[in-house]
Amino acid sequence: MSSLRGASGRRGLVTVVVAAVLASCARPAPDVGALDAVYATPAEESQVLSLKRGQTLGELLSTSIEPAEQYDMLLAFRQQASPRRLRPGTEITLRRRREDGWLRRVDVELSRDRTVRLLRDPTGWVSQTIETPTYVDTLYAAGEIENSLWESVVDNPALKNLPVGDRVGLIDDLDRVFQWQMDFSRQIRSGDTYRFVFEEQVRPDGSLRSGKLLAAEMVNAGTSYYAVYFDPNGDGQGSYFDLDGKSVEGLPAQAPHLPPDLVALHAQPVPPDPPQVACPQRDRLRGEHRDPGDGHGRRRGHLPWP
């Protein structure tokens with residue numbers, strides 16, 4: 001009996017110790033406060049230069065690069081592009097090592113999609129062309145036309161993140177797709193609606209490199225027109241079809257709605273041209289009167305023009 005009491009006593013002691021440990025662990029950790037932000041020093045410094053009108057790439061780099069090194073750099077650049085075709089405003093970015101100012105890289109932006117990168121290696125300068133990366137996104141927009149399709153698309157809230165030039169490009173795509181079904185310049189009226197799905201390739205700055213209209217609907221005067229892109233071969237040479245599977249390209253465009261009086265005017269026959277009345281003075285001045293001449297190389301029916 002005594003052994004059982006001793007075992008139960010030990011179990012009770014262990015239970016008390018475990019409870020005390022758990023209680024101590026449940027206490028909230030002391031608040032030491034927020035740590036200050038730590039900023040790492042950039043490993044390099046960058047300098048952006050802009051090519052001025054009439055200035056060459058060599059002249060622009062002359063204040064930053066030694067002449068001998070500049071010659072090697074221009075040779076490497078010519079392997080990718082011609083320095084003579086650089087336009088005013090071209091940006092050239094110089095990247096130097098911070099501790100000693102050692103120039104390690106030069107980026108020449110040829111366009112928004114291509115950059116020539118010049119890198120220094122143990123043998124000199126080497127070059128490569130860098131394509132601006134893009135990501136693919138799908139854009140949906142719909143709206144009702146009040147004054148013009150141009151204003152409706154450009155001011156569409158769903159397209160606010162696109163530059164204005166890219167929104168105008170969407171209008172051109174719609175016009176190109178529906179040109180066989182309707183005339184945007186004559187038939188669009190207030191109250192017409194549109195909606196479309198557009199696949200876009202977006203640059204890192206948000207601008208549009210290229211895109212493709214996947215599907216669109218235009219409702220004009222209560223009539224719906226559809227265009228759906230289909231590329232059976234997957235080679236990017238697809239075309240557009242309506243909901244019945246008929247191609248919308250090459251179809252005769254719908255004739256514009258003309259008022260009855262204008263239709264009657266066009267239906268009237270065109271009168272023939274009046275007969276020409278002979279006029280010797282006019283024929284003489286025009287040189288149309290011909291004769292054998294006077295024996296000295298001149299025609300008596302022509303004025304002696306010098």
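Out of residues 5 or more away from residue 110 or on other chains, whose amide H comes under 5 Å of its own, with H placed 1.01 Å from N in the peptide plane?
115, 116
Does region 111-216 classify as rounded, prolate or oblate by the C-alpha gyration tensor (a ≥ b ≥ c root eigenvalues; a/c under 1.5 gives rounded; else a/b over b/c gives prolate, otherwise oblate)?
Prolate shape, in that a/c is at least 1.5 and a/b is the bigger ratio.
Work out how much length residue 105 to residue 215 would gain on full extension: take 0.36 nm times their residue separation and subtract the Cα-Cα distance, in nm to one decimal.
Length gained, residue 105 through residue 215: 35.1 nm.
Rounded if a/c is under 1.5, else prolate if a/b beats b/c, else oblate: with a ≥ b ≥ c from the C-alpha gyration tensor eigenvalues square-rooted, which is region 44-131?
Judged from the Cα gyration tensor, region 44-131 comes out rounded (a/c under 1.5).
Treat the count of other C-beta atoms within 10 Å as a stand-in for reagent exposure and order 180, 125, 150, 102 from fewest to most.
Sorted ascending by nearby Cβ count, the order is 102, 150, 180, 125.
Quick one: Karplus J couplings for region 75-89, per residue in order, coefficients 6.51, -1.76, 1.60, θ = phi - 60°, nearest Hz, x for Gly and Pro?
4, 5, 5, 5, 5, 10, 7, 8, x, 6, 9, 6, 8, x, x
If amide hydrogens are placed 1.01 Å from N in the peptide plane, which non-local residues have theirs closer than 5 Å to the one on residue 105?
Distant-sequence amide H within range of residue 105: 95.
Every number here is computed from the coordinates shown, using simple stated rules; none is lab data. These numbers come from a predicted model, not from an experiment. In this analysis, Cβ positions are derived from the backbone assuming ideal geometry, glycine residues included, and neighbour counts consider all displayed protein chains.
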